[in-house]
Amino acid sequence: MNPNATRRNSALAVALYEFLNPVPLGFFTAAWIFDIIYLKSYNPMWTKSASWLIAFGLIIAIIPRLINLVQTWIGVSWPQTSPVKIHFWANLLAIVLAIFNAFVHSRDAYAVVPAGVILSTLVVALLCLANVQLALRLRTAQGAAR
């Protein structure tokens, strides 16, 4: 969210976005850790728990993405390579990968192993990279504006 945007965003929408945006990353990171634990223990409880965490992360990820969709693409003219748009697309790609990951985790526990861990790793890495690039590029842009 850019405070210097030409259109003012709703304070409630910004607060809800900032409150809910980091939550899916926590769920997906916990699912990734559970997948790694399953690799070492082969206890099916870990993949079942990871599948629930992925499902909850996907459900909660919907609200911030819808808010971000409205605030990024409607009303405010952002440049095409803006960090906000890159953040939006990276998060959207991570959510699509997480949907595939949910389908992989719906299989038998022994069938989850290579694909589930790889997809969980990609989702977490993509979300972390999206957040880091947004924070660094917005900080650089604000420093240059001063």
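Read the figures in this text as sums done on the coordinates, not as results from a lab. None of these values were measured; they are calculated from a predicted model. Positions of Cβ are backbone-derived with ideal geometry, glycine not excepted, and every protein chain shown enters the neighbour counts.
Observations
- For the stretch 28-146, the dipole from Cβ point charges (+1 on Lys and Arg, -1 on Asp and Glu) about the Cα centre works out to 340 debye, to the nearest 20.
- Once C-alpha pairs closer than 8 Å and six or more residues apart are averaged by separation and normalised to the residue number of the chain, the relative contact order reads 29 percent.
- Given charges at Cβ of Lys, Arg, Asp, Glu: the chain dipole, positive-most of L25, N43, Q71: Q71
- Its residue count N sets the reference 2.2 N^0.38 Å, and the alpha-carbon radius of gyration of the chain equals 1.17 times that reference.
- Kyte-Doolittle mean at least 0.0, axial Cα span of 27 Å or more - DSSP H helices of the chain: 22-41, 44-73, 83-105, 113-145
- A simple count of charges around P114, restricted to other residues whose Cβ falls under 13 Å of its Cβ and scoring Lys, Arg +1 and Asp, Glu -1, yields 0.
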